[in-house]
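Worksheet for the structure shown next.
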Amino acid sequence: MDRITVHGLCVRETETGDYDKIITLVTQEMGKISVTVKGVKSLKSKHMVACQPFGYSTFVIKKSKKYWYIEESESIESFYGLRYDVDRLSLAAYICDVLCDVSVENAPEPELLRLTLNTLYALSNHKDTPLSQIKAAFELRCAAECGFCPELSGCDVCGCDVNGDVYLDVMNGRLLCADCKPRAEKEEELVEGTSRLYYIISCSVLSAMRYIISSPQAKFLSFAIAEDDLYILGKVCEAYLLNHLEHSFKTLDFYKSILI
């Protein structure tokens with residue numbers, strides 16, 4: 001019988017009986033795994049804290065036939081501050097849904113996991129950082145970590161640096177200056193069922209995007225941006241991630257609904 005120690009974030013749970021549930025963990029060692037937790041809904045369960053959604057913990061898991069079970073657990077970080085604010089809690093649910101979606105079994109992605117942990121920490125503790133800034137920075141950095149990093153050094157056609165408003169070609173992950181955009185559209189052959197999506201972004205928004213992608217991960221939220229530019233940044237980063245993942249999330253819809 002296999003017995004392994006992993007460090008994982010609980011991103012999803014499914015009730016399977018009066019006291020049991022199956023939790024989905026994204027781990028440093030094994031990528032995404034589903035684990036059965038016996039008796040965890042009992043007040044006497046020693047696994048209750050470690051197996052809460054958004055909890056990051058150390059687990060000793062064992063395999064019986066084809067299923068994993070938790071044998072031991074110890075909480076490392078519960079991000080308890082999320083529980084005091086429904087906006088932060090719902091945004092955290094979306095963040096974890098994204099991580100769950102882009103993670104796969106037997107393919108550890110430690111940088112994606114670390115990005116999510118840093119984001120949850122910011123949601124739980126950085127009360128002065130706008131939620132829209134945390135969300136946008138996570139979305140763009142996540143896209144980059146998943147291999148969808150946009151090329152933001154200059155116009156993809158003529159190569160010139162941009163000194164003003166520029167077009168972000170979302171579907172192709174590139175910048176286009178105003179002079180080159182019409183020619184790029186004319187030359188591009190669209191595959192059936194696809195479309196074009198462009199956003200005009202200012203130098204401030206572009207600078208923020210460049211910072212988010214290139215900064216040390218521990219400091220990816222350490223930038224300042226005007227409120228109007230933050231609004232555009234939020235729309236751009238969300239559109240970029242969702243279009244490259246090719247679907248949206250119910251948790252994102254719920255988060256937006258409670259902000260209205």
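The values are calculated or read from the model by the stated rules, or taken from the named source; none is laboratory data. Since the structure is predicted, the reported quantities are computational estimates derived from the model, not experimental observations. Ideal geometry is used to build each Cβ from the backbone, glycine not excepted, and the neighbour counts take in all protein chains shown. When the accessible area is computed, the model is the full protein with side chains, heavy atoms only, and any ligands, DNA or RNA have been set aside. Shrake-Rupley method; radii C 1.70, N 1.55, O 1.52, S 1.80 Å.
Give the peptides 231-239, 79-87 in descending order of average Cβ contacts within 10 Å, highest first.
Ranking, from highest mean packing down: 231-239, 79-87.
Within the set of other residues whose C-beta is less than 12 Å from the C-beta of PRO53, count the net charge using Lys and Arg as +1 and Asp and Glu as -1.
+1
Applying the Karplus parametrisation 6.51 cos²θ - 1.76 cosθ + 1.60 with θ = phi - 60° to the phi angles of segment 27-32, what ³J(HN,Hα) value in whole Hz is obtained for each residue in order, glycine and proline being reported as x?
10, 5, 8, 10, x, 8
Give the span of the chain's Cα atoms along each principal axis, as three whole-Å numbers ordered largest to smallest.
Reported extents, whole Å, longest axis first: 66, 39, 32.
Which of the aspartates and glutamates could a cross-linker span from LYS65 if the Cα-Cα distance has to be under 17 Å and same-chain partners fewer than 8 positions apart are dropped?
LYS65 reaches ASP2.
So what is the accessible area of the chain per residue, in Å², with the probe set to 1.4 Å?
On a per-residue basis, 51 Å².
Excluding same-chain residues fewer than 8 positions from LYS256, which lysines have a Cα within less than 17 Å of its Cα?
Straight-distance partners of LYS256: LYS135, LYS235.
What number, in percent, do you get for the relative contact order of the chain if the mean sequence gap of Cα pairs under 8 Å and at least 6 apart is divided by its residue count?
Relative contact order of the chain: 16 percent.
What is the distance, in nm, between label points placed 7 Å from the Cα along the Cα-to-Cβ direction at TYR84 and at ARG3?
Roughly 4.0 nm, to one decimal.
Quick one: length gained pulling VAL60 to GLU105 fully straight, 0.36 nm per residue minus the C-alpha distance?
Fully extending the segment from VAL60 to GLU105 adds 14.5 nm.
How far is helix 250-259 tilted off the main Cα axis of the chain, in degrees rounded to 10, range 0 to 90?
Helix 250-259 sits at roughly 70 degrees to that axis.
In whole percent, how big is the carbon plus sulfur part of the accessible area of segment 23-179, probe 1.4 Å, protein atoms only?
Ligands and nucleic acids excluded, carbon and sulfur give 47 percent.
Cross-link list LYS32/LYS219; LYS66/LYS250; LYS38/LYS62: which exceed 22 angstrom alpha carbon to alpha carbon?
Exceeds cut-off: LYS32/LYS219; LYS66/LYS250.
Compute the angle between helix 131-143 and the longest alpha-carbon principal axis of the chain, please, reported from 0 to 90 degrees and rounded to the nearest 10.
90 degrees
With labels modelled as points extended 7 Å from the Cα through the Cβ direction, what inter-label distance (nm, one decimal) is found for ARG196 paired with TYR121?
4.3 nm
Taking 0.36 nm per residue of separation and subtracting the Cα-Cα distance, what length does fully extending LYS250 through SER153 add?
My answer for the length gained is 31.5 nm.
Listed highest first by mean packing, meaning other Cβ atoms within 10 Å per residue, what order do 160-170, 93-103 come in?
Ranking, from highest mean packing down: 93-103, 160-170.
Helix 227-245 against the longest principal axis of the chain: what's the angle in degrees, Cα atoms only, rounded to the nearest 10?
Tilt of helix 227-245: around 70 degrees.
What is the set of long-range amide H partners of GLU71 at a cut-off below 5 Å, with H atoms built 1.01 Å from backbone N?
VAL60, ILE61, LYS62
Within 10 Å, count the other beta carbons around each residue, average over each peptide in 132-138, 63-69, and list them highest first.
Most protected by this proxy first, the peptides run 132-138, 63-69.
Using a/c under 1.5 as the rounded threshold, could you call segment 1-90 rounded, prolate or oblate? The axes a ≥ b ≥ c are square roots of the C-alpha gyration tensor eigenvalues, and prolate needs a/b larger than b/c, oblate otherwise.
Prolate, since a/c reaches 1.5 and a/b exceeds b/c.
So if I take the centroid of the Cα atoms in segment 217-260 and the same for segment 68-127, what is the distance between those two points in Å?
17 Å
Give a residue-ordered list of calculated ³J(HN,Hα) values for segment 149-156 (Karplus: 6.51 cos²θ - 1.76 cosθ + 1.60, θ = phi - 60°; whole Hz; x for Gly, Pro).
Those phi angles translate into 4, x, 8, 10, 6, x, 4, 6 Hz.
Could you compute the net charge surrounding SER248? Neighbours are other residues with a C-beta less than 11 Å from the C-beta of SER248; K and R count +1, D and E count -1.
Every neighbour counted, the sum reads -3.
Give me the aspartates and glutamates in straight-line cross-link reach of LYS44: C-alpha distance below 20 Å, same-chain residues under 8 apart excluded.
Straight-distance partners of LYS44: GLU13, GLU15, ASP18, ASP20, GLU71, GLU72, GLU74.
So how much slack lies between LYS219 and ILE76, counting 0.36 nm per residue of separation and subtracting their Cα-Cα distance, in nm?
49.3 nm is the gain from fully extending LYS219 to ILE76.
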